[in-house]
Amino acid sequence: MGGDQGLIERAFALLQSDTYEQVLPLVHEDFEMVTTREVASEPDVYRGPEGVRRWWTSFLDVMDEVHLDPVSFEDAGDGRVIVEFAIRARGQASGIEATQPAIAIATASEGKLRGLEFFTDLELARAAARSPRS
């Protein structure tokens, strides 16, 4: 396991409703994450550590708990790792627990998390990882 993959695995271990603040020092100032209509009920762009904090607080505005449970990490080279995970949450008002599968390419460099790009399926993520970065 390379250093970038280790960093990404550590970051995902911390991306939980009770520990997400601990991931912020691992987030690069140039971090960018775009949540699209295909993968999010509230599409948005999140930048830097404050963007990660804003993403989590948007979850916690309506959820009692949110957990990102990694299923697999696949090294895609060039500081990129394809992460299959489940988003597990319990609603504040309803108390209903829900789980949604998710796939992202996490990118790391300079010892920090630089981005998350979400996909609707694993093959799309693999195809994107094989394409040269712009």
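General observations
- Order of 122, 116 - criterion: other Cβ atoms within 10 Å of each residue's Cβ, fewest first: 122, 116
- Average Cα contact separation per residue, the stretch 3-130, under 8 Å, 6 or more apart, as relative contact order %: 26 percent
- Net length gained if the chain between residue 32 and residue 74 were fully extended (0.36 nm per residue, minus Cα distance): 13.1 nm
- In a reduced charge model with +1 at each Lys and Arg Cβ and -1 at each Asp and Glu Cβ, the chain shows a dipole moment near 180 debye about its Cα centre.
- Contour minus Cα-Cα distance for residue 21 and residue 65 (0.36 nm per residue): 14.4 nm
- Taking the C-alpha atoms of the stretch 10-134, convex hull volume expressed per residue in Å³: 102 Å³
- Subtracting the Cα-Cα distance of residue 90 and residue 45 from their residue separation scaled by 0.36 nm leaves 13.8 nm.
Rule-based calculations on the coordinates, nothing more; no lab input. Small disclaimer: the values here were computed from a predicted structure and weren't measured. Note that each Cβ is placed from the backbone with ideal geometry, even for glycine, and that neighbours are counted across all protein chains shown.
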